[in-house]
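These notes are about the structure you will find just below.
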């Protein structure tokens with residue numbers, strides 16, 4: 001845990017770093033790749049999520065360097081728990097090369113009083129994340145939480161995916177997803193639309209703009225069944241009702257990006273490839289706007305990370321086995337260079353970087369151990385079983401992967417060994 005970037009092993013096409021976190025527990029990282037090649041990372045760190053004096057830490061990787069800067073707190077308040085930072089550029093939309101003007105929004109809840117007490121706060125930097133303003137409250141609604149990256153509206157405004165937990169984490173019936181918009185670079189935010197079909201289940205939307213300017217959103221599911229999807233054809237003003245995809249979800253965070261110079265709508269999704277626990281953490285590649293995903297590879301457990309050998313055996317459902325809440329960015333200079341950060345056992349944050357072709361590699365190590373290894377038709381409805389203990393529905397992905405005791409259905413993907421390489 002020294003912030004240094006190393007090759008995973010000799011001959012590896014992936015590099016990684018384990019962050020030296022300022023406190024004993026860390027979670028929910030956010031990355032921001034800047035046009036000058038610098039990369040910023042923010043996450044929350046403290047004694048425990050929801051506890052006293054949990055703060056937002058920031059580290060910076062300068063272009064060409066191989067070590068992240070020392071993480072420093074930029075937002076931290078006694079008797080509050082700051083969580084879920086989201087980094088964004090708040091530059092003039094016509095100044096595409098501005099790497100100085102950046103902003104963080106994050107949740108802040110009363111310590112030990114639950115997510116229903118949360119508001120959203122904002123702070124900014126005018127020197128590329130070297131120094132920061134004091135945070136101010138910008139969304140007073142109870143249970144306000146950001147999670148995933150903002151996008152630009154066609155008119156240049158910021159659109160921020162949000163979700164709300166007004167009755168706290170454990171009452172999903174009142175939770176919903178909403179888009180907020182800002183026309184002043186994130187100084188103030190205003191509701192744009194509640195996303196239909198999300199109330200009572202779907203949170204933490206992650207949104208990409210396709211080449212035809214349609215918006216595609218994927219959602220986390222409180223039911224721990226699937227990743228759900230919704231589309232907008234009018235710049236986010238209205239949305240289709242969210243429906244399940246064939247990706248599993250374990251009631252944990254996901255994030256998706258579109259590569260900027262991809263004429264084929266190349267999308268990259270990071271997600272937990274399971275319905276229970278928080279491993280494996282996988283990365284998937286689509287070259288047709290999300291209709292199919294031909295390449296899925298595990299980020300964790302990281303079988304070839306020689307600098308962290310115990311990781312190969314620590315696959316439990318407690319903190320030791322948690323690899324979750326990913327953030328993903330394409331490099332600001334180099335097309336196809338991917339930066340990923342994620343929670344590493346709740347102890348710290350792990351960072352990795354690789355070219356997009358790393359996801360496509362054919363080797364034993366590149367085969368996912370998760371529920372899906374390939375998806376051919378993302379948006380056709382899944383085949384459901386009866387609800388399990390009135391908690392969720394599930395479906396069986398493969399005859400050999402029924403690892404959570406759920407009844408099988410008629411629909412099954414081919415055995416991974418039979419998939420064409």
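Under a Gaussian network description of the chain, with springs only between Cα atoms under 10 Å, the residue in 263, 177, 45 that fluctuates furthest is 263. The calculated P(r) of the chain, using every Cα pair and 20 Å bins from 0, goes 28, 63, 9 in percent. Between residue 377 and residue 199, the simple label model (points 7 Å from Cα in the Cβ direction) yields a spacing of 3.3 nm.
With R₀ set to 30 Å, the beta-carbon distance separating residue 92 from residue 335 gives a calculated FRET efficiency near 0.80.
Working note: Debye formula, equal point scatterers on the alpha-carbon atoms of the range 1-151, no solvent; log10 I(q)/I(0) at q = 0.13, 0.21 Å⁻¹ is -0.59, -1.29.
What FRET efficiency do you get for residue 112 and residue 133 if R0 is 30 Å and r is their Cβ-Cβ distance, rounded to the nearest 0.05?
On the way: r = 27 Å, r/R0 = 0.92.
Given R0 = 30 Å and the Cβ-Cβ separation, E is 0.65.
Here the spin labels are modelled as points 7 Å beyond Cα on the Cα-Cβ line, and at residue 190 and residue 213 they lie 2.1 nm apart. Each of 95, 364, 294, 139 has some number of other Cβ atoms within 10 Å of its Cβ, and from fewest to most they run 364, 95, 294, 139. Within the listed set 211, 273, 251, the residue fluctuating most in the Gaussian network model of the chain (springs between alpha-carbon atoms under 10 angstrom) is 211. Using C-alpha pairs under 8 Å with a sequence gap of at least 6, the mean separation divided by the residue count of the chain gives a relative contact order of 13 percent.
Neighbour counts of C-beta atoms inside 10 Å place 112, 176 in the sequence 112, 176, starting with the fewest. Shown for 254, 356: other C-beta atoms within 10 Å of each C-beta, ranked fewest to most, produce the order 356, 254.
Multiplying the residue separation of residue 260 and residue 152 by 0.36 nm and subtracting their alpha-carbon distance yields 37.6 nm.
Within the listed set 363, 324, 99, the Gaussian network model of the chain (springs between alpha-carbon atoms below 10 Å) gives the highest mean-square fluctuation for 363.
Rounded to 0.05, the FRET efficiency of the residue 52 and residue 357 pair, given R0 = 45 Å and the Cβ-Cβ distance, is 0.50. Obtain the nm distance between the two label points defined at residue 140 and residue 276 by a simple spin-label model: each point lies 7 Å from its Cα along the Cα-to-C-beta direction. Simple spin-label model gives 4.5 nm for this pair.
Quick note: the coordinates plus some simple rules give every number you see, no bench work behind them. Bear in mind that the values here come from a model prediction, so they are computed numbers and not experimental data. When we count neighbours, we look across all protein chains shown, and the Cβ atoms used for this are built from the backbone with ideal geometry, even at glycine.
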